[in-house]
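Asks: Have a look at this one.
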Amino acid sequence: MPGCPHAGSGAVFRADMPRDSLDKLAASRLARPLLRNRRTTGRATGEPLKILLADDDAERARVLMRLLARDPSVQVAAIEPGMLLADAVAAHRPDVVLVDMTRPDRDALEGLRQLSATRPHPVVLFVDEDDPSFMQEVIDAGVCSYNVGSVTPAEVKPVLRAAVALFRRHLQTHQALTAAESRLRERDVVDRAKAILIRTRKLSEPEAYRWLRRQAMASARRIPEIALAVVQAHEKETP
Amino acid sequence: MTSPVRLGLLRLTDSAPAVLADAEGLYAAAGLDVALQIEPSWANVADKLAWGKLDAAIMLPPLALAAVAGLRGMRTRLRVTMGISQGGNAVVVGRAAAAALPEVMPPDAAAAGRALGAWLRNQAAPPRFAVVHVFSTHNLLLRHWLAACGVDPDRDIETVVVPPERVVETLAAGQIAGFCAGAPWGDYAAETGTGRVVLGSSAIRRRHPEKCLALAAGWAERQPEAAKALAVALYRAQCLCDLPDRAAMLAALLANRLGLPETATRGALPGGTGLEQIGFAAAARLDPGDALWCLREMRRWGWLDADQDIAALAAETYQPVALEAWS
């Protein structure tokens, strides 16, 4: 189990799970397509592609920035907390803005040109109409990309693809954790285990709890895990 | 029906019919299984309708039209089949402007606009006003009103977009001078002493349509019966939302389900004491003329090409459902 973030994803709690798997992802296959495609498309001007990242999940943002920064032709900055998205775009002058779709201020990037006659550059949501399945993936992953000024889709797509893969992995890990947590919570598993122990072993409630705690300490596991094992064993015996 | 109808909405008072229909079992009564999806932004609603992640949504009419026209980057096939609400927005200013305005604001829009215009033109830099989306009723109404009062909305103010649930804190932080947003945020700004309400949007355009029901056209074509049943359920909910007797309960429901401030929400519902009250059932029957009003305003500000056939665009987007209840 240790070192393997996906083993027994039902009942294993690891605070470091997202960090673990995200870092691993960043270190592995994700970087490759990004680099390859960027090399072949490279900006005509020779200037780096400037990316502004708006993601309130600090951990995910850190990993994505590190991943993108591996490519020397890419420059990444993160939005300052509390700053209006439009102000951040004006201050950083990025070519691409990557936005976490759960951010309510994403609307601020829509129609920036229509909002202010003084802003010269159009800001346009990246859409690949010829690749609907990619667009579905983008929305499912919960990240989107806005082009500022003239950026070609060929430049943006690898960057967005990397972000999508990272967001998707994050989502999966998060969902696994939530599922495990809520399953334990829903069943109120510790209470159920205590009730079983009180009935089957004729223990008082404090004794039942102490029993669970002793087992947990002896096996270096958490009490809810022990409780879950008790409940599962009991369910097996009395179907 | 195999899979539930995915209906998107934002955390706003005028989402009331969609939430009440769920709470009262009106979808089930119409033979529908509806899954409400609360979205964080209008952009999410538009994207999810475009890419098949939502079947229907409570929508801003100008945004639906803009999506169909391709102003968001891609032409999206949407159908607006009914109205959801009318009125309920507020123009609010922060302390700086509030102090400079007359102690008692004139109730009519023209005089209020002239008073605000005088302050606006006195500022060194154009003061910032927030709206909730560029293609929102709020933005169109604010611009329409300011322009009618001799203010150039492109030069005398700077417009930014701030999510409705954040306008009050953004005003409090001094990042904007004022805003135009839907209920309950105008009354909430007044209630918390953050801002001063200058005008209700119904004073700009009487009984103006606010939210509408937009369907993904592909879904509506595949499920015409469900599309109609959805309108039936929402119309029944609208009739209930109009009853002042039920408003307190409805405000509590919205506070609970959408996390809205309850007192300010109650104020914007029928019989409430807020700036203005939202109308529901009266908005249900679509007037295609409203689509044309939005499109003419959008063209006026140069967002639509002059040669764009706005009548065709309105007809493509506004396809009112015909209900027996309305005949």
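The values are calculated or read from the model by the stated rules, or taken from the named source; none is laboratory data. The structure displayed is predicted, hence computed values, not measured ones. Positions of Cβ are generated from backbone atoms using ideal geometry, with glycine treated the same way; all protein chains shown enter the neighbour counts.
Asks: Hey, can you tell me all the residues within the range A:62-80 that are closer than 29 Å to residue B:11 by Cβ and in contact (Cβ under 8 Å) with a residue 24 or more places away in the chain?
Replies: Answer for the range A:62-80, where residues must be closer than 29 Å to residue B:11 by Cβ and in contact (Cβ under 8 Å) with a residue 24 or more places away in the chain: A:64, A:78, A:79.
Asks: Right, something else. Can you go through A:161, A:103, A:66, A:70 and tell me which one is farther than 27 Å from residue B:304 by Cα and either within 9 Å of another protein chain (Cβ to nearest Cβ) or touching a His at 6+ places or on another chain (Cβ under 9 Å) (or both)?
Replies: On inspection, the qualifying residue turns out to be A:103.
Asks: Report yes if residue A:95 is surrounded by fewer than 20 Cβ atoms within 10 Å (Cβ to Cβ), more than 8 Å from chain B (Cβ to nearest Cβ) and touching a helix residue (DSSP H, G or I) at 6+ places or on another chain (Cβ under 9 Å), otherwise no.
Replies: Criteria not met by residue A:95.
Asks: Tally time: how many residues in the range B:192-230 are out of contact with any helix residue (DSSP H, G or I) (no Cβ under 6 Å at 6 or more places or on another chain) and assigned to a helix (DSSP H, G or I)?
Replies: So the count comes out to 12.
Asks: Exactly one of (1) crowded, with 22+ Cβ neighbours inside 10 Å; (2) in a loop (DSSP other than H, G, I, E, B); (3) more than 14 Å from chain A (Cβ to nearest Cβ) is unmet by residue B:124. Its number?
Replies: Unmet condition: (1).
Asks: Moving on to the next point. Let me confirm something: among B:168, B:160, which residue is farther than 25 Å from residue B:207 by Cβ and part of a strand (DSSP E or B)?
Replies: Being farther than 25 Å from residue B:207 by Cβ and part of a strand (DSSP E or B) holds for just one of B:168, B:160, which is B:160.
Asks: Can you report the number of residues in the range A:73-87 which are within 12 Å of chain B (Cβ to nearest Cβ) and crowded, with 20+ Cβ neighbours inside 10 Å?
Replies: Adding up the residues that qualify gives 3.
Asks: Considering only the range A:174-184, I want to know if a residue exists there that is out of contact with any Gly (no Cβ under 8 Å at 6 or more places or on another chain) and part of a loop (DSSP other than H, G, I, E, B).
Replies: No, every residue in the range A:174-184 fails to be out of contact with any Gly (no Cβ under 8 Å at 6 or more places or on another chain) and part of a loop (DSSP other than H, G, I, E, B).
Asks: Suppose we keep only residues that are within 14 Å of another protein chain (Cβ to nearest Cβ) and loosely packed, with under 14 Cβ neighbours inside 10 Å within the range B:286-327. Which one would you say is nearest to residue B:207 (Cα to Cα)?
Replies: B:300
Asks: Given the conditions (1) within 30 Å of residue B:228 (Cα to Cα); (2) within 12 Å of chain A (Cβ to nearest Cβ); (3) of a type in the set (A, V, I, L, M), and given that residue B:167 satisfies all but one, which numbered condition is not satisfied?
Replies: Checking residue B:167 against (1) within 30 Å of residue B:228 (Cα to Cα); (2) within 12 Å of chain A (Cβ to nearest Cβ); (3) of a type in the set (A, V, I, L, M), the one that fails is (1).
Asks: Checking the structure you have, find out if any residue of the range A:179-192 is among the small types (Gly, Ala, Ser), farther than 20 Å from residue B:73 by Cα, more than 10 Å from every other protein chain (Cβ to nearest Cβ) and in contact (Cβ under 8 Å) with a residue 60 or more places away in the chain.
Replies: So far as the range A:179-192 goes, yes, one or more of its residues are among the small types (Gly, Ala, Ser), farther than 20 Å from residue B:73 by Cα, more than 10 Å from every other protein chain (Cβ to nearest Cβ) and in contact (Cβ under 8 Å) with a residue 60 or more places away in the chain.
Asks: Small (Gly, Ala, Ser) and more than 30 Å from residue B:81 (Cβ to Cβ): which single residue out of B:237, B:172, B:231 fits that description?
Replies: Result: B:172 is the single residue among B:237, B:172, B:231 that is small (Gly, Ala, Ser) and more than 30 Å from residue B:81 (Cβ to Cβ).
Asks: While we're on this one: Conditions: (1) modelled with pLDDT of 90 or more; (2) of a type outside the set (A, V, I, L, M, F, W, C); (3) under 30 Å from residue A:189 (Cβ atoms). Residue A:5 meets all but one. Number of the miss?
Replies: In the conditions (1) modelled with pLDDT of 90 or more; (2) of a type outside the set (A, V, I, L, M, F, W, C); (3) under 30 Å from residue A:189 (Cβ atoms), residue A:5 misses (1) alone.
Asks: From the residues in the range A:220-238 that are among the β-branched types (Val, Ile, Thr) and assigned to a helix (DSSP H, G or I), which one is surrounded by the fewest Cβ atoms within 10 Å (Cβ to Cβ)?
Replies: Among residues in the range A:220-238 that are among the β-branched types (Val, Ile, Thr) and assigned to a helix (DSSP H, G or I), the one surrounded by the fewest Cβ atoms within 10 Å (Cβ to Cβ) is A:223.
Asks: With the requirement that a residue be modelled with pLDDT of 90 or more, assigned by TED's automatic domain parsing to the domain that holds residue A:50 and among the small types (Gly, Ala, Ser), what does the range A:154-210 give you?
Replies: Hits for the range A:154-210 are A:162, A:163, A:165.
Asks: If residue A:147 meets every condition in (1) within 12 Å of chain B (Cβ to nearest Cβ); (2) closer than 26 Å to residue B:38 by Cβ; (3) buried (at least 18 other Cβ atoms within 10 Å of the Cβ); (4) in contact (Cβ under 8 Å) with a residue 12 or more places away in the chain apart from one, which number is that one?
Replies: For residue A:147, the failing item is (2).
Asks: Next question, about the same structure. Tell me which residues, restricted to the range B:8-59, are assigned to a loop (DSSP other than H, G, I, E, B), within 21 Å of residue B:183 (Cα to Cα) and more than 10 Å from every other protein chain (Cβ to nearest Cβ).
Replies: B:12
Asks: Also: Would it be correct to say that residue B:178 is closer than 21 Å to residue B:272 by Cα and either buried (at least 24 other Cβ atoms within 10 Å of the Cβ) or not β-branched (Val, Ile, Thr) (or both)?
Replies: No, not satisfied.
Asks: For the range A:126-144, enumerate the residues that are farther than 27 Å from residue A:173 by Cβ, facing another protein chain (nearest Cβ under 10 Å) and either surrounded by fewer than 20 Cβ atoms within 10 Å (Cβ to Cβ) or among the small types (Gly, Ala, Ser) (or both).
Replies: Within the range A:126-144, just A:129 meets the criteria.
Asks: A further question follows. Considering only residues that are hydroxyl-bearing (Ser, Thr, Tyr) and at pLDDT 95 or above, look in the range B:53-85 and name the one that is surrounded by the fewest Cβ atoms within 10 Å (Cβ to Cβ).
Replies: So, considering only residues that are hydroxyl-bearing (Ser, Thr, Tyr) and at pLDDT 95 or above, the one surrounded by the fewest Cβ atoms within 10 Å (Cβ to Cβ) is B:81.
Asks: Please work out if residue A:88 is assigned by TED's automatic domain parsing to the domain that holds residue A:48, within 20 Å of residue B:70 (Cα to Cα), touching a strand residue (DSSP E or B) at 6+ places or on another chain (Cβ under 9 Å) and assigned to a helix (DSSP H, G or I).
Replies: No: the conditions fail for residue A:88.
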